[in-house]
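Everything below concerns the one structure shown next.
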Amino acid sequence: MGNYRNFKLVYYFVAQGTARAQEEKLEKDIAFFERYMRPDKVYLEPYRGGLLADEKQVELCRKIFEKHGMEVAGGLTTTLPAPAGSEPKQRLFDTFCYNDEKMLAELRRVCAFIGGHFNEFIIDDFFFTNCTCETCRRGRDAFNREHGITDGSWKAYRLHLMEKVSREDVIAPAKKANHACKITIKYPNWAESYQETGYNPAEQRKLFDRIYTGTEARDTVTTDQHLPRYLSYSLMTYFENMWPGHNGGGWFDPFDLHITEQYLEQAYLTAFSRPKEIMMFCFQALTDSPFIPPLGWHLDKLDEVLDYCGKPVGIRCYLPDNCQGEDNIQDFLGMCGLPVTLTPYWPEKAESILLTRSSACDPDVVEKLEKYVAEGGKALVTSGFLEATMDRGIQRMTSIRFTGRRIRGRNYRVETGTGWPATEYPRGTEEIGVPVCEFRNNATWALVKVAESEESFGLLLRDTYGRGQMLTLAVPDNFPDLYKLPGKALTRIRREFPAGGVYLECRAGISLFPYDNDSFIVYPYVAAGSQPATILIHVAGEAEALELPLKKHPVTGKAFRLEPLYRRNGETVFEARTAPGKYELYRIINRQ
């Protein structure tokens, strides 16, 4: 693979650095990184923000990096100020107006330059448009009239526009300059918004040679993006499943983060997805950064962990192309210990599936779901999905109906189904608000309820259908309120959807990453108030032990093993300790 067994380590070098690089300073900065880690490759950017580094500077940087044994590819960021003599246009981050001929000419010129100097380059995630100038508005209105779109929206027009620009103004000039040039498009972390600004994986994956994934998580409380940290893993699975073998890697940065572990977690979760490359953005921002020494240590540890890991598995969440609905709800569930992987294709052969309001963007999803469940599949659907499909025949599968009522509560009724007493009554940390899923008793059954005074309301409800089951989760008004559910309620949900034969019994804030070879990783996040905890790990069948391959006994030198705590109801249960920010690898040792 390279300097690491399981991935290539790469960094991105921005155009301002390329244009101003001096040999002595660059050598010193490279030495800083090499003190702690072993980079394999650099993406050297000649153009960003209207600045194009000259050929002499590009070749100087290339020569120095190659001297250090590094592979050198190109980079491009599609931002620029208004061209001279042009009227300024309102454009977020100075992204291009793709109806401005001066800007398009600049884009073609730059792509020809980069294609002529590199056999590979990647496009940073500013390759979108939010321009609403007069020309763009006329283009939208003409396109919408031609295609019968009457709501004035931008979505379809921008998807069409950026597919055309990709083909004609990026790929064509680059490959004309160098027919051997391979071009990668990097997609940002805001997947639920792609279609509104023209990111078009459905068509662009047919045009570009590779795709790449933004795994930047940000601080979830103090920054605008409010992205659950689990996204650093799940979005990688989305693009790998979208185009198997062509997802180049995961790209993260140190921005809008205030705690070292939050930066490092991006690397952990990216690595857990088994990427080809782990990209550090960017060289300039990370030079002399205190993040680099611990990251270097963890890269070696993660390489050891991945030696034991197979292919990621989990409940398969269906997010069709250009969908939007309950933004990132799947990642909030991942933060609660449900092992979720994503796909843009209907997962007809999956052991279990997750459908959200975003899944309902597929007009045929109810028919697909009905067939899947009737033939023996098991589906978890959100209340948002049910609401979005109530006029499409979902009533055939459930007695749940919505009247607009919402309730708040913090007391729960959890049906354990594991002996007597069969019901427990845990209490959450705070009240949460959920929609009332009205259902007909004994037609639909509630496994978990939110209880308040003399009433209780379904939180997790089961419907049987044909040979399979559909379970509905009443999603809180505020998705992070899922973290306030008591551990017993969350465990009841997890128990219905194990992956790799494993589920966790614990509070929120601990994720499970299972693989198809009886190995799995447990990771507790670093958050306000997080503390070490005892968890129970449930393994299907008669397991002999859980082995911790990377923890060796100081005397025997053999890997530590956890012995079963108990066996019951077809499961083997183990007790383990966790600490915030410390991932642990386990292997299931089965009885012969």
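Some observations on this one:
- The Cα atoms of segment 47-189 give a gyration tensor whose axes a ≥ b ≥ c have a/c of 1.5 or more with a/b greater than b/c, which makes the shape prolate.
- Comparing Cα centroids, segment 398-418 and segment 325-386 end up 20 angstrom apart.
- Inter-part distance where segment 124-170 and segment 14-46 are each reduced to a Cα centre, Å: 37 Å
- Per residue, the chain reaches -8000 deg cm²/dmol at 222 nm when only DSSP H runs of four or more residues are counted, each adding -39500 (n - 2.57).
- When the solvent-accessible area of segment 1-42 is split by element, carbon and sulfur atoms take up 44 percent of it, the probe being 1.4 Å.
- Angle in degrees between helix 101-117 and the longest Cα principal axis of the chain, rounded to the nearest 10: 90 degrees
- Element breakdown for segment 414-503 at a 1.4 angstrom probe: carbon and sulfur atoms account for 48% of the accessible area.
- Applying both filters, DSSP loop and at most 14 other Cβ atoms within 10 Å, to the GluC sites (Glu not before Pro) of segment 514-573 gives E542.
- Segment 373-463 shape via C-alpha gyration tensor axes, a/c threshold 1.5: oblate
- Within the accessible area of segment 165-252, the carbon and sulfur atoms contribute 53%, probe 1.4 Å, all protein chains present.
- Angle in degrees between helix 134-146 and the longest Cα principal axis of the chain, rounded to the nearest 10: 60 degrees
- Distance between segment 573-592 and segment 483-522 - C-alpha centres, whole angstrom: 12 Å
- Annotation: per residue accessible area for the chain equals 41 Å², rounded to a whole number [probe 1.4 Å, protein chains only].
- Panel note: the C-alpha atoms of segment 489-592, placed on their principal axes, show extents of 39, 34, 24 Å (largest first).
- A simple charge model with +1 on the Cβ of Lys and Arg, -1 on the Cβ of Asp and Glu and nothing else charged puts the dipole of the chain at about 840 debye relative to its Cα centre.
- Nearest-ten-degree value, helix 365-374 long axis tilted from longest Cα axis of the chain: 40 degrees
- Options P290, Q266, G310, ranked by Cα towards positive dipole end of segment 204-315, top entry (Cβ charges): G310
The values are calculated or read from the model by the stated rules, or taken from the named source; none is laboratory data. Just so you know, these numbers come straight off a predicted model, no measurement behind them. Ideal geometry is used to build each Cβ from the backbone, glycine not excepted, and the neighbour counts take in all protein chains shown. Heavy atoms of the whole protein, side chains included, go into the accessibility calculation; ligands, DNA and RNA do not. Shrake-Rupley method; radii C 1.70, N 1.55, O 1.52, S 1.80 Å.
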